[in-house]
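Participant: My questions all concern the structure below.
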Number of protein chains: 2
Amino acid sequence: MSGRSDVRPGEVAIELPPSYDAGIYFIGRIRTPFKSRAECPKNTAESDAVGRVELDPLYAAGLEDLALYSHLWLLYWMNQARRDLVQQAPAHLGHTRGTFALRSPVRPNPIALAAVQLIGVEGMTLTVRKVDCIDGTPLLDIKPYFASTDCFPDATRP
Amino acid sequence: MSGRSDVRPGEVAIELPPSYDAGIYFIGRIRTPFKSRAECPKNTAESDAVGRVELDPLYAAGLEDLALYSHLWLLYWMNQARRDLVQQAPAHLGHTRGTFALRSPVRPNPIALAAVQLIGVEGMTLTVRKVDCIDGTPLLDIKPYFASTDCFPDATRP
């Protein structure tokens, strides 16, 4: 977690609750070509990088039929991100914006969401395209991508 | 969490790790018309229901600029789901499939992902359309929907 010295002008930090409400398991790791945050692409749309998802053997049976899908969601834990900023000033934006209006890794629960293209499944390893995270990032979940629920081509943004 | 008696023929349960790897905060609640799992729509594509996202006041500043987006991701904690099934036999499918090839609430980390249409933001309350979860479900995160990273109209599924 970064120190307080990383707060930019206008950013707002809060004191987080004294205890957690639930616990999560790291179920694997994502292997990528990116060894630091500085090397990572800004997001999956700007990445054509191929990576591997290495699932813990305990969960191997959960991959049955996954190869039937063309795209997946990866949920992963951005363990290098601080969790206490509710307003942030990303360098590309030039002013503050609420954390929930940003896809920044910095958020109370630093769970990232990335749609990737599935290239193949071999044993407990998936090969995927469009990875954007640091090598070794802890994996929380894999879900199939459903265009029926997940695709909104007309969604608007500022 | 449901008891072992709920396992259907062919489903596979595992013994989960003895401890968690990280902790999460419940940052609010999702209010919906659905009082039980039986009342919930199968997914957001089959729902036109309007619900409210009630954010904890601690995180209120995080909503700045959220109203600039038409669609949001809600990440929430399916606290009624068991976590130990790696193969499941959903009633609609008629055979087993790996947990990671299903959008079932039952998974090692029961984090749900739902794209909803944002109707409005008032104070710490969002009004959204297409909710599918039980009333009172704990909220983990709100993210803006980006068609550039999140929309794959040609994604295929079995």
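The values are calculated or read from the model by the stated rules, or taken from the named source; none is laboratory data. Fair warning: this is a prediction, and the values are worked out from it, not measured in the lab. Note that each Cβ is placed from the backbone with ideal geometry, even for glycine, and that neighbours are counted across all protein chains shown.
Participant: Looking at B:Thr149, B:Thr125, B:Thr96 in this structure, which one is over 24 Å from A:Ala115 (Cβ atoms), at the interface with another protein chain (Cβ under 10 Å from one of its Cβ atoms) and of a type outside the set (D, E, K, R)?
Facilitator: Numbers: B:Thr149 fails: over 24 Å from A:Ala115 (Cβ atoms); B:Thr125 fails: at the interface with another protein chain (Cβ under 10 Å from one of its Cβ atoms).
Within the list B:Thr149, B:Thr125, B:Thr96, the selection yields B:Thr96.
Participant: Return the residue satisfying two criteria in turn: it lies in segment B:72-111 and is among the aliphatic types (A, V, I, L, M) and closer than 23 Å to B:Phe146 by Cβ, and of such residues it is surrounded by the most Cβ atoms within 10 Å (Cβ to Cβ).
Facilitator: B:Leu74
Participant: Any residue at all in segment A:68-77 that's in contact (Cβ under 8 Å) with a residue 40 or more places away in the chain and part of a loop (DSSP other than H, G, I, E, B)?
Facilitator: Yes, that holds for at least one residue.
Participant: Please determine whether any residue of segment A:42-53 is over 18 Å from B:Thr149 (Cα atoms) and at pLDDT 95 or above.
Facilitator: yes
Participant: Just to be sure before I move on: is A:Arg157 within 7 Å of chain B (Cβ to nearest Cβ) and either part of a helix (DSSP H, G or I) or among the charged types (D, E, K, R) (or both) in the structure I sent?
Facilitator: So A:Arg157 passes the test.
Participant: Also, I was wondering about something else. Assess whether A:Ala61 counts as being assigned to a helix (DSSP H, G or I), hydrophobic (A, V, I, L, M, F, W, C) and surrounded by fewer than 20 Cβ atoms within 10 Å (Cβ to Cβ).
Facilitator: yes
Participant: Something else: Where the second residue is buried (at least 16 other Cβ atoms within 10 Å of the Cβ) and acidic (Asp, Glu) and the first is more than 10 Å from A:Ser47 (Cβ to Cβ) and lies in segment A:114-133, which pairs have Cβ atoms under 7 Å and are six or more apart or on separate chains?
Facilitator: Sorted first by the residue in segment A:114-133, then by its partner, the pairs are A:Ala115/B:Asp150; A:Met124/A:Glu54; A:Thr125/A:Glu54.
Participant: Now a separate question. In segment B:112-133, which residues are hydrophobic (A, V, I, L, M, F, W, C) and either surrounded by fewer than 21 Cβ atoms within 10 Å (Cβ to Cβ) or not in a loop (DSSP other than H, G, I, E, B) (or both)?
Facilitator: If the condition is that a residue be hydrophobic (A, V, I, L, M, F, W, C) and either surrounded by fewer than 21 Cβ atoms within 10 Å (Cβ to Cβ) or not in a loop (DSSP other than H, G, I, E, B) (or both), then B:Ala112, B:Leu113, B:Ala114, B:Ala115, B:Val116, B:Leu118, B:Ile119, B:Val121, B:Met124, B:Leu126, B:Val128 are the ones that fit.
Participant: Right, here's the next one. Which residue out of A:Pro17, A:Pro90 is modelled with pLDDT under 95, outside any strand (DSSP E or B) and under 25 Å from B:Ile27 (Cβ atoms)?
Facilitator: After ruling out the rest, the residue left standing is A:Pro90.
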